[in-house]
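Notes for the one structure printed next.
Here, each number is a calculation from the coordinates, and none is a lab measurement. Predicted model, so just to flag it, every value in this text is computed and none were measured. Here the Cβ is made from the backbone with ideal geometry for all residues, glycine too, and neighbour counts use every protein chain on show.
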Amino acid sequence: MGAEPAPGLNGPGETLTIYRKVIDRNYMSHRQIAEALGGCWLQDSPGRILDLGCGDMEVTSALMRKAPPSIVVAVDGSSSALEEARKRVEAVSTDGRFVNSDLLAFLRGNEGEFDWIIAGFTIHHLTAEEKVEFFALARRHLLSGGSLVLFDCVRPVGMSRDEAVTSYLDWIESDWTAMTDRENELIREHIEESDYPEEPGTLRAMAEEAGFAGWDLLGSWNEDRHVLFRFTGVA
Ligand SMILES: C[S@@+](CC[C@H](N)C(=O)[O-])C[C@H]1O[C@@H](n2cnc3c(N)ncnc32)[C@H](O)[C@@H]1O
């Protein structure tokens with residue numbers, strides 16, 4: 001879901017309620033993503049975390065329950081999402097800073113450095129040029145040895161943006177069976193207007209161009225519609 005409610009959505013509350021239902025039904029594989037990250041999290045034991053487009057921090061809060069970081073900075077364009085995030089950070093007694101901002105504006109205007117930067121189901125809303133800038137800025141905000149953890153919707157290889165969106169909507173229509181007609185309609189409007197997924201190879205090339213020397217594909221789910229990357233190699 002985008003920073004602002006899609007047209008027709010009844011305010012941020014309705015956006016959050018629909019997205020919560022999607023998470024609870026595990027339609028976007030949040031559970032598997034958190035599991036796939038658990039080992040790296042415990043191994044790295046990252047102290048300083050930046051969560052961009054944090055939403056209600058479903059995955060990040062699962063990781064924080066395993067081992068709390070020393071500080072988490074949570075950035076989102078939605079104040080209601082940040083309120084949910086705040087509750088989850090408080091529940092693990094971690095220091096939190098909650099910033100209501102566009103994520104690129106935050107990265108451009110702040111100097112902090114982090115062990116892990118997490119961006120979940122968020123940068124597919126950026127244009128290709130903005131994604132290039134996102135990788136460059138994220139790299140600049142990572143401490144030596146840090147990781148950019150990216151899980152997101154991707155475009156199947158060889159498909160145009162519009163074909164990818166149509167294919168994604170067809171999948172939702174057939175597989176997200178618990179959604180009501182109204183919820184499906186609102187999701188459709190949002191995706192048609194706001195989703196610009198890239199091919200996985202394009203994301204890797206952007207990261208490499210930004211100076212990430214290493215990458216791991218930690219998982220892919222839902223017939224490769226959703227992928228989890230960890231970009232590393234920051235000297
Ligand atoms: C689909 S939700 C993902 C939430 C969470 N990261 C997750 O993995 O479930 C996308 C979140 O990103 C936020 N968002 C989208 N575009 C943004 C932007 N340009 N700047 C800041 N937040 C943004 C939305 O408000 C929303 O909370």
For segment 121-192 and segment 27-79, write down the distance between their C-alpha centroids in whole Å. 18
Mind checking which lysines have their C-alpha under 29 Å from K131, skipping anything on the same chain fewer than 8 residues away? K21
Which ordering of M28, M179 is given by a fewest-first count of other beta-carbon atoms within 10 Å? M179, M28
Which value, in debye to the nearest 20, describes the size of the charge dipole of the chain about its Cα centre when Lys and Arg Cβ atoms bear +1, Asp and Glu Cβ atoms bear -1, and nothing else is charged? 900
Exposure proxy ranking, count of Cβ atoms within 10 Å, fewest first, for C153, C40, C54: C40, C153, C54
For an R0 of 25 angstrom, estimate the FRET efficiency from the Cβ-Cβ distance between N110 and S79 and round to the nearest 0.05. 0.85
With unit charges on the beta carbon (Lys/Arg positive, Asp/Glu negative), name the residue among S167, I118, L107 whose Cα is farthest towards the positive pole of the charge dipole of segment 93-186. L107
Debye calculation, C-alpha points only, no solvent: report log10 I(q)/I(0) for the chain at q = 0.08 Å⁻¹, in the same order as the q values. -0.27
Quick one: go through segment 78-95 and flag any residue whose amide nitrogen is under 16 Å from the point 7 Å out along the Cα-to-Cβ line of S101. 78-79, 82
Any idea what diffusion coefficient segment 53-165 gets from Stokes-Einstein, in µm²/s, Kirkwood Rh on alpha carbon pairs, 37 °C, 0.692 mPa s? 219
Around R88, what is the net charge, scoring Lys/Arg as +1 and Asp/Glu as -1 over all other residues with Cβ under 15 Å from its Cβ? -3
Mean residue ellipticity (222 nm) of the chain, computed from DSSP H runs ≥ 4 via -39,500 (n - 2.57), nearest 500: -15000 deg cm²/dmol
